[in-house]
Every structure is written in structure tokens, then in C-alpha cells.
Amino acid sequence: MDRRRLGTQGLEVSALGLGCMGMSEFYGTTDEGEAIATIHRALELGIDFLDTADMYGRGGNEKLVGKAIRDRRDGVVLATKFGNVRNDDGSREVRGDAEYVRQACEASLQRLGLEHVDLYYQHRVDRRVPIEETVGAMAELVEAGKVRYLGLSEAAPETVRRAHAVHPISALQSEYSLWTRDPEDGPLATSRELGIGFVAYSPLGRGFLTGQIRSPEDLGEDDFRGRLPRFQGENFQRNLDLVARVEEIAEEKDRTPGQVALAWVLSRGEDVVPIPGTKRRRYLEENAESADIELSEEELDRLEQAFPHGAAAGERYPDMSTIDR
């Protein structure tokens, strides 16, 4: 597995990461044993960049990841996040005040069973709190040795600039795939201007680009994707028609649609690191093979024509109010 640099502060990770969220919730039934085996297999394949967050499974995902890497810590680049707060009544809020930043980090370290995390993200921007206060508190964690590098998630260009002026930001994480090209409107260019790496989450369009989801009925009742606009009503069929274009290229290359979709994200630049999520070894191994795929200029042009910016039908989330734009 090739390696890529995130930022200019020295953070180096595998070209492909592993999103661990679905191992604990959101995507139907979970299996801790298989999840841990998947993490171990990722490390065997050279995928050492693991992504979690304190909100996934209400902290359960951090505990799972911590358990999986307990005797493998030196071979892992671990990223976690704070800021998305899930309340007991089911509501959510975003917090970025300095006191909460410190509390959240301590809680994450305890759940992970670690003395430090390699990359610490603000999961969502708290518009009530100046980004300077949030990143200032995060910088104190670096000074204390509890965090090595800092990141932001779903932050607008101006927010990134202000944050970077307080302390170097190593990575900006946002949704990025063939059907979500929003970062090309500014965040990606800003990251490159400032020397910040870009981490692409949901590079497979939450599984839609794999071609394995053919109907809304393929999703279980406990799968949150059924509540996303792109998976509903007429949007579903319109998006399925787009996936057919990827399937054509995949068939010609004797690859899967998911592998072609990941190869496209990997082709966006050496500073882009996709972190496809999976909870099963067989899909992990399939995803890992995408790192060896080269798309020709003709194939890239065809994908560009099939998936121009804004081609996907429907918003990414039912409520986009927490996305900093």
C-alpha cells in the first residue's frame, strides 16, 4: 500500500484509510468479532489509517477500535473526532467551546485506552464559538502530548483559513466522491493553498456507488441511509442510472464499480486520502485492490461526463444546517 502525506507537519498515512463508523451502528446489524478481524486485516494489508469518532455508537466505536489495536498501537495512525454531541433525548448539538474540547479529548482517550491520538478532528464547526477558541484549545492538547496533529471536518474555506492561522491544520475531512463533488467548490483548493491534506469520507457514496444497492428495500429498517434524500423516491432511480455508467467502465476493466469509484477519488491527487468504511473483511480486501487501479484519461473523461458536479439527485443529509459552507 502506497503512502501519502497529510499536511506539512509530518503526518503520513496509507493511501487508503478505513472508516470504522459502520462497525458500531448506522448501517444495520453489527458484529464485533468480524469488525475487529476487519481492522486486523486492514493492518495486514498496509492500511494503517483508522477513522473513528466519539459519537459513533455513543462512544462504543472508540472502545471497539481501542480493543482492536491494543497490541498493535505502533502500527496504527488513529484519527478520532469531537463536537457532534448526542443527547439522551435523541437530539444532537454541536459544541466547540474550549472546556468541551478538553473534556471530549479526555473521554476519547479513556475509551480508546490510549495516551494520545494521532489526528484529532473537530467533527462539525460550532458557529456559536469562534474557531480561534476551538483550535486554540486543540493546540493545547498538542502541547500536552495528547494529540499529534489537528484536523477539521466539513469546514468552509474561510473557517479553515482562520483555524490554520491559530495552529497548523494537517487534514480537512469532507464527503467526497463521484456523486459528492462539493469540495471542488473551494475547500479542496483552499487545502492545497495552505498545504493541508484532504481526507475523503463516504468515497463510495455510502455504498451506492458499489452497485449493490438496487432498491430502497435493500436497506434494513435500522439502516440510516433510508432516511437520506438520495436514497428516497425518484432520487433513488436517478442516482441508480448514474451508477450504471460506472458499472460499464468496471465491467470493461474486470473490476467492481466500487473499485473504480475509489480509484477515481485516489486519482484526484497525492494529497487526497479516501477512507471507505466497511465492517467486513471481504469488502475491505476488495477496496484495498483499488489502490492498484490506474484509470486512463479516456476513462476519467467518461466518468466526468457521467458524474459532472451536481449530478446526484438529492441533498447529502435531511438537515444540512451543521455543514459549514
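The values are calculated or read from the model by the stated rules, or taken from the named source; none is laboratory data. Since the model is a prediction, treat every value here as computed from it, not as a measurement. Quick reminder, even Gly has a Cβ in these numbers, built from the backbone with ideal geometry, and neighbours come from all protein chains shown.
Taking into account only those residues within segment 292-325 that are charged (D, E, K, R) and within 20 Å of the chain's Cα centre (by Cα), which is nearest to Leu204 (Cα to Cα)? Restricting to residues being charged (D, E, K, R) and within 20 Å of the chain's Cα centre (by Cα), the top hit is Arg316. Out of Glu62, Glu93, Glu115, one residue alone is acidic (Asp, Glu), closer than 25 Å to Asp222 by Cβ and touching a helix residue (DSSP H, G or I) at 6+ places or on another chain (Cβ under 9 Å). It is Glu62.
Looking only at residues in segment 157-182 that are in contact with a strand residue (DSSP E or B) (Cβ under 8 Å, 6 or more places away or on another chain) and small (Gly, Ala, Ser), the one that is nearest to Gln9 (Cα to Cα) is Ser170. Of everything listed in (1) among the polar types (S, T, N, Q); (2) at positive phi; (3) in contact with a Lys or Arg (Cβ under 7 Å, 6 or more places away or on another chain), the single unmet condition for Ser202 is (3). The set of residues in segment 90-101 being within 23 Å of the chain's Cα centre (by Cα) and assigned to a helix (DSSP H, G or I) consists of Tyr100, Val101. The number of residues in segment 198-238 being over 19 Å from Phe26 (Cβ atoms) and of a type outside the set (Phe, Trp, Tyr) comes to 8. Of the residues Asp254, Asp271, the single one that is on the phi > 0 side of the Ramachandran plot and at pLDDT 95 or above is Asp254.
Among the residues of segment 278-311 satisfying the criterion of being touching a Gly at 6+ places or on another chain (Cβ under 8 Å) and assigned to a loop (DSSP other than H, G, I, E, B), which is farthest from Leu266 (Cα to Cα)? My answer is Lys279. Glu12 fulfils the conditions (1) under 18 Å from Ser153 (Cβ atoms); (2) surrounded by fewer than 15 Cβ atoms within 10 Å (Cβ to Cβ) except for a single criterion, (1).
Among the residues of segment 17-65, those that are in a helix (DSSP H, G or I) and among the hydroxyl-bearing types (Ser, Thr, Tyr) comprise Thr38, Tyr56. The set of residues in segment 113-139 that are more than 21 Å from Gln173 (Cα to Cα) and part of a helix (DSSP H, G or I) is empty.
Yes/no matrix, rows are residues, columns are (1) of a type in the set (A, V, I, L, M); (2) farther than 30 Å from Thr8 by Cα:
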| residue | (1), (2) |
| --- | --- |
| Arg214 | no, yes |
| Arg227 | no, yes |
| Asp254 | no, yes |
| Val260 | yes, no |
| Trp264 | no, no |
| Asp292 | no, no |
| Leu295 | yes, no |
| Glu298 | no, yes |
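Quick one: which of Arg325, Arg316 is more than 29 Å from Ile47 (Cα to Cα), part of a loop (DSSP other than H, G, I, E, B) and in contact (Cβ under 8 Å) with a residue 24 or more places away in the chain? Of the residues listed, the single one that is more than 29 Å from Ile47 (Cα to Cα), part of a loop (DSSP other than H, G, I, E, B) and in contact (Cβ under 8 Å) with a residue 24 or more places away in the chain is Arg325. Could you tell me which of the residues Glu115, Glu154, Glu133 is closer than 30 Å to Gly186 by Cβ, out of contact with any strand residue (DSSP E or B) (no Cβ under 6 Å at 6 or more places or on another chain), acidic (Asp, Glu) and touching a residue at least 24 places away in the same chain (Cβ under 8 Å)? Unique residue meeting the criteria: Glu133. Residues that are surrounded by fewer than 22 Cβ atoms within 10 Å (Cβ to Cβ) and more than 16 Å from the chain's Cα centre (by Cα) within segment 157-183 comprise Pro157, Glu158, Arg161, Arg162, Ala165, Val166, His167, Pro168, listed in sequence order. In this structure, is Asp89 modelled with pLDDT under 95 and surrounded by fewer than 20 Cβ atoms within 10 Å (Cβ to Cβ)? When the stated conditions are applied, Asp89 passes them. Residue count for segment 243-275 under the criterion of being under 23 Å from the mean Cα position of the chain (by Cα), surrounded by fewer than 19 Cβ atoms within 10 Å (Cβ to Cβ) and not in a loop (DSSP other than H, G, I, E, B): the result is 0.
Just so you know, in segment 144-156 the residues that are out of contact with any His (no Cβ under 8 Å at 6 or more places or on another chain) and part of a strand (DSSP E or B) include one that is surrounded by the most Cβ atoms within 10 Å (Cβ to Cβ), and it is Leu152. Just one of the listed residues (Val125, Val129, Val135) is at pLDDT 95 or above and out of contact with any Asp or Glu (no Cβ under 8 Å at 6 or more places or on another chain), namely Val135.
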